[in-house]
Amino acid sequence: MKTLWDMNTIISSYWGMYAVQTVLHAAIASVLVDCAFIAWDIRTPHVKQRFRFMVIFLPLISFPLYQLIVPRRGDAYFRLESLLDSSKWFSLELWRGIPLFTVFIVILTLSAVIFVVQELLPIFFHMREQVRSAEEPVDEAVDEAVARKLSKALVGLPFNEELVEILNDEDLALFSDTGLNPRIYISTGLIKSFNTEHLQAAIAHEIGHIQRTRKPVLIFAYIFRALMFYNPVAMIEFRRLAQEEEKVCDDIAVELTGKPGALSEAVEMFRPEPEDIGPGAGAKGLSGIASSIEHYSHDALLKGRILRIGQRSRDGSHWGVPYAVTLALIVCINYFVV
Amino acid sequence: MRGLLLMLAIAFLAVAFLAAANWLPSLMQQGFARQYDSIEEAKRSLGLDTVLVPGYFPEGITWPPSFILAQKKPYKAVVMEFKEARAMDAALIVIQSSWQGSDAQLQRIRMSEVKEETQYRLKGKKVLLQVGTCENRMPCSRMTWREDNGFHYTVLLTSSPFELIRIAESMIR
């Protein structure tokens, strides 16, 4: 029974209630935002991003605001009248008096571990790598034909050729550094494999990423998501927001090149080989399964992007009312969820 | 307009779903906080052995309680509120709880300022008496102690401590 008592100490504390309610409020906001997409047929990625940003940002401030307005929001009397009282679910005994709250704590801990391993450490390693590479400049000679092909692809694109770095790598690699000194990194393998139109479309997509740093929605979303490092809903929403970013950059690429077909073919070339996807693919054991799942989800994302490039549509500018209505519904419903 | 109506319908469904989710734990297990009509009903329903009730009431405050809240999960607790004859708000609150930190959650009226505090023995029990003002700026006093059965008791009265001591005295075994 001691577990139940400890649980109560946690969930009746300010920060305990904060942690519980950020997760619940984010979950409700996430469902309502997805419903808003269906209700108003919202498809434009940058509009979807604004809605998804709401799911990450609102739970962060909703609990302190509600408590400020109604300080007694956490007491037994408010809970009696509430729409959903989480303490009821947390008190449910599963086995030998172990409450469901234990499962909730395990989920929060796992989310925190995933955040550190998949989102925090890679940034740290990337920064360390950047510092190292800056200290040891590698000056590799580039094949003239490769450089010429790249120059040709860059014609008409708003990007300085000197800011494109060619990596001596036979794999397909293309990424951008969107920092203060933006750069695009492209592998020789990719330049050789792609024709000029594909290359131009792929580079235009990266230019999109660089242009988007002026509207750093992802950076703010990442900061807010990092503050809720334990929140699995914020983790999922942040990833969906990042996926929308790819689609926004696809739109920019199409606007810059005017060739949706070329972009769609270029994305197609990044899809993993069929033998890397599905059960039994690649290495055996847990790492093999994890790798297969990763390839599968990566492939699903690329497929989704290809489909969307083919049927690109715009919602117009009527998203203000849907946004306000969804925001109001989230704020009102979450107030009664404790 | 179609989108707005659809979204409102979805919101209505979401509210219905949350209400159902709030009700579901009570179907699966017993003992969650709810209002009871009588102390006997609360005792019977939650299987509580002992519920201490005051044997003395100041003038104007009468038995039975105007509000009873009881629960077994996440900890055992019984809250009784008594009103003064012509008043709307509770004047006396009696809390019996197995968790010491429950006061903040269970007191409908809270002490906002403690002006005096003293610890002494009442009928052999170590009690803490606090005198101050409540959130409604009314003078109020509170007494807390722990019984041998492990329960923590809090009695709050929106009045001077003299009557409170007599109420507590009538409860302590």
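The values are calculated or read from the model by the stated rules, or taken from the named source; none is laboratory data. Quantities reported herein were computed from a predicted structural model and do not represent experimental measurements. Positions of Cβ are generated from backbone atoms using ideal geometry, with glycine treated the same way; all protein chains shown enter the neighbour counts. Calculation scope for accessible area: heavy atoms of the full protein, side chains included, ligands and nucleic acids excluded. Shrake-Rupley method; radii C 1.70, N 1.55, O 1.52, S 1.80 Å.
To the nearest 20 debye, what is the magnitude of the charge dipole of chain A about its Cα centre, counting +1 on the Cβ of each Lys and Arg and -1 on the Cβ of each Asp and Glu? Kindly include the intermediate steps, with their values, before the conclusion.
On the way: 32 positive and 39 negative charges, 312 e Å.
The dipole magnitude comes to about 1500 debye.
Of the DSSP beta bridges with both residues in the protein assembly as shown, give the percent that are antiparallel, rounding to the nearest 5.
On the way: 51 of 56 bridges.
Among the beta bridges of the protein assembly as shown, antiparallel pairing accounts for roughly 90 percent.
With every protein chain in place, what's the accessible area of A:Ile166 (1.4 Å probe, Å², nearest 10)?
Only protein atoms counted, so the area is about 40 Å².
Given the peptides B:90-101, A:295-306, A:198-209, A:23-34, arrange them by the average over their residues of other C-beta atoms within 10 Å, most packed first. Mind dumping the intermediate values first?
Numbers: B:90-101: 20.7, A:295-306: 16.1, A:198-209: 24.2, A:23-34: 22.7.
So the peptides B:90-101, A:295-306, A:198-209, A:23-34, ranked by packing, come out A:198-209, A:23-34, B:90-101, A:295-306.
Calculate the FRET efficiency for B:Glu169 and A:Trp15 from the Cβ-Cβ distance with a Förster distance of 41 Å, rounded to the nearest 0.05.
Numbers: r = 39 Å, r/R0 = 0.96.
It comes out at approximately 0.55.
How large is the convex hull of the Cα atoms of region A:151-265 per residue, expressed in Å³ as a whole number?
Spread over its residues, the Cα hull of region A:151-265 gives 117 Å³ apiece.
How big is the charge dipole of region A:77-226 about its Cα centre, in debye rounded to the nearest 20, if each Lys and Arg gets +1 on its Cβ and each Asp and Glu gets -1 on its Cβ? Kindly include the intermediate steps, with their values, before the conclusion.
Values: 14 positive and 20 negative charges, 175 e Å.
Result for region A:77-226 is approximately 840 debye, rounded to the nearest 20.
Through the Karplus equation 6.51 cos²θ - 1.76 cosθ + 1.60, θ set to phi - 60°, convert the phi angles of region A:96-109 into ³J(HN,Hα) values in whole Hz; use x for Gly and Pro.
Ordered by residue, 3J(HN,Hα) equals 6, x, 6, x, 4, 4, 4, 4, 4, 5, 4, 4, 5, 5 Hz.
Using Cα positions and a limit of under 16 Å, work out the aspartates and glutamates in reach of B:Lys73, with same-chain residues fewer than 8 apart set aside.
Excluding near neighbours in sequence, the set is A:Asp6, A:Asp75, A:Asp85, A:Glu93, B:Asp49, B:Asp103.
When the scattering of region A:62-186 is computed by the Debye formula from its Cα atoms alone, each counted once and equally, what is log10 I(q)/I(0) at q = 0.10, 0.13, 0.22 Å⁻¹?
With no solvent term, the Cα-only Debye profile gives -0.65, -0.76, -1.32.
Take the solvent-accessible surface of the protein heavy atoms, probe 1.4 Å, and return the percent of it on the protein assembly as shown that carbon and sulfur atoms account for. Don't skip to the end; give the middle numbers.
Details: 15950 of 26570 Å².
Reported share for carbon and sulfur atoms: 60 percent.
Could you compute Rg(Cα) / (2.2 N^0.38 Å) for region B:115-173, with N its residue count?
Details: Rg = 11.3 Å, N = 59, 2.2 N^0.38 = 10.4 Å.
Cα-based Rg divided by the globular estimate yields 1.09.
Taking a cut-off of 21 Å, what percent of all Cα-Cα pairs in region B:1-159 are separated by more than that? Provide the component values of the computation, followed by the final result.
Values: 6905 of 12561 pairs.
I get 55 percent for the Cα pairs in region B:1-159 exceeding 21 Å.
Taking amide H positions as placed 1.01 Å from N in the peptide plane, with prolines and chain starts having none, which residues 5 or more places from B:Arg34, or on another chain, fall under 5 Å of its amide H?
B:Ala70
Anything in chain B that counts as a DSSP H helix reaching 20 Å or more along its axis (C-alpha) with Kyte-Doolittle mean of at least 1.6? List them, would you?
B:2-28
Using DSSP to call loops (not H, G, I, E or B), can you name the trypsin sites (Lys or Arg not before Pro) in region A:131-223 whose Cβ has at most 10 other Cβ atoms within 10 angstrom?
Details: sites: A:Arg132, A:Arg148, A:Lys149, A:Lys152, A:Arg183, A:Lys192, A:Arg212, A:Arg214; in loops: A:Arg214.
Of the trypsin sites (Lys or Arg not before Pro), the ones in loops of region A:131-223 whose Cβ has at most 10 other Cβ atoms within 10 Å are A:Arg214.
Sum -39500 (n - 2.57) across every DSSP H segment of at least 4 residues in the protein assembly as shown, then divide by the residue count to get the 222 nm mean residue ellipticity, nearest 500.
On the way: 19 runs with 277 residues, N = 511.
Theoretical 222 nm ellipticity from helices: -17500 deg cm²/dmol.
To the nearest 100 Å², how much accessible surface do chains B and A cover up together, summed over both, with a 1.4 Å probe?
Details: alone 10630 and 19070 Å², together 26570 Å².
Buried: approximately 3100 Å² between A and B.
Name the long-range amide H neighbours of A:Asn231: under 5 Å, sequence gap of 5 or more, or other chain; modelled H, no Pro or chain starts.
For A:Asn231, whose amide H was placed from the backbone, there are no distant partners under 5 Å.
Could you give me the ³J(HN,Hα) list for region B:148-153, computed from phi with Karplus coefficients 6.51, -1.76, 1.60 and θ = phi - 60°, whole Hz, x at Gly and Pro?
With coefficients 6.51, -1.76 and 1.60, one gets 5, 6, x, 7, 9, 10 Hz.
So for region B:81-121, Kirkwood radius off the Cα pairs, Stokes-Einstein at 4 °C and 1.567 mPa s: how many µm² s⁻¹? Spell out each step's value before the answer.
Working: Rh = 12.5 Å.
Estimated diffusion coefficient is 104 µm²/s.
Mind putting a number on the dipole of region A:1-134 about its Cα centre? Charges go on the C-beta only, +1 for Lys and Arg and -1 for Asp and Glu, and I need it in Debye to the nearest 20. Working shown, then result.
Values: 12 positive and 9 negative charges, 44 e Å.
I would put it at about 220 debye.
Of the options A:Ala234, A:Gly258, A:Gly208, report the single residue whose Cα projects farthest towards the positive end of the charge dipole of the protein assembly as shown (beta-carbon charges: Lys, Arg +1; Asp, Glu -1).
A:Ala234
Could you work out the mean projected area of the convex hull around the alpha carbons of the protein assembly as shown, in square nanometres to one decimal? Mind dumping the intermediate values first?
Values: hull surface 127.9 nm².
Over every viewing direction, the Cα hull of the protein assembly as shown projects on average to 32.0 nm².
Go through B:Leu8, B:Ile172, B:Pro65 and say which Cα lies farthest out towards the positive end of the charge dipole of chain B; charges sit on Cβ, +1 for Lys and Arg, -1 for Asp and Glu.
After comparing all options, I get B:Leu8.
Subtracting the Cα-Cα distance from 0.36 nm times the residue separation, let me have the gained length for A:Ile293 to A:Phe125 in nm, one decimal. Don't skip to the end; give the middle numbers.
On the way: separation 168, 0.36 × 168 = 60.48 nm, distance 2.36 nm.
Here the segment from A:Ile293 to A:Phe125 would lengthen by 58.1 nm.
If amide hydrogens are placed 1.01 Å from N in the peptide plane, which non-local residues have theirs closer than 5 Å to the one on B:Phe67?
Those qualifying (amide H under 5 Å, at least 5 residues apart or on another chain) are B:Glu81.
If the reach is capped at under 17 angstrom between alpha carbons, list the lysines near A:Lys149, excluding any in the same chain fewer than eight residues apart.
A:Lys192
Viscosity 1.002 mPa s, temperature 20 °C: Stokes-Einstein D of region B:29-72 from its Kirkwood Cα radius, in µm² per second?
Values: Rh = 11.5 Å.
Stokes-Einstein gives a translational diffusion coefficient of 186 µm²/s.
Using a cut-off of 25 Å between alpha-carbon atoms, which lysines can reach A:Lys215, once sequence neighbours fewer than 8 places away in the same chain are excluded?
A:Lys48, A:Lys247, A:Lys259
Suppose all protein chains stay in the model; what accessible area per residue would a 1.4 Å probe give for the protein assembly as shown, in Å²? Walk me through the numbers before you get to the answer.
Values: 26570 Å² over 511 residues.
On a per-residue basis, 52 Å².
Please arrange B:Glu59, A:Glu268 by accessible surface area, largest first, computed with a 1.4 Å probe and ligands excluded. Write out the running numbers ahead of the final one.
On the way: B:Glu59 175, A:Glu268 85 Å².
Heavy-atom accessible area, descending, gives B:Glu59, A:Glu268.
In whole percent, what relative contact order does chain A give with Cα contacts below 8 Å and a gap of six or more residues? Don't skip to the answer; put the middle values down first.
Working: 366 pairs, mean separation 81.7, N = 338.
Computed over chain A, the figure is 24 percent.
For region B:54-63, what does the Karplus curve 6.51 cos²θ - 1.76 cosθ + 1.60, with θ = phi - 60°, yield as ³J(HN,Hα) per residue in whole Hz, taken in order and with x for Gly and Pro?
x, x, 10, 10, x, 4, x, 9, 10, 6
Counting pairs of alpha carbon atoms under 8 Å apart in space and at least six apart in sequence, what relative contact order in percent does chain B give? Can you show the working numbers first?
On the way: 304 pairs, mean separation 27.6, N = 173.
RCO, chain B: 16 percent.
Using bins 10 angstrom wide from zero, how does P(r) for region A:1-93 break down, in % of all Cα pairs?
14, 39, 27, 15, 4, 0
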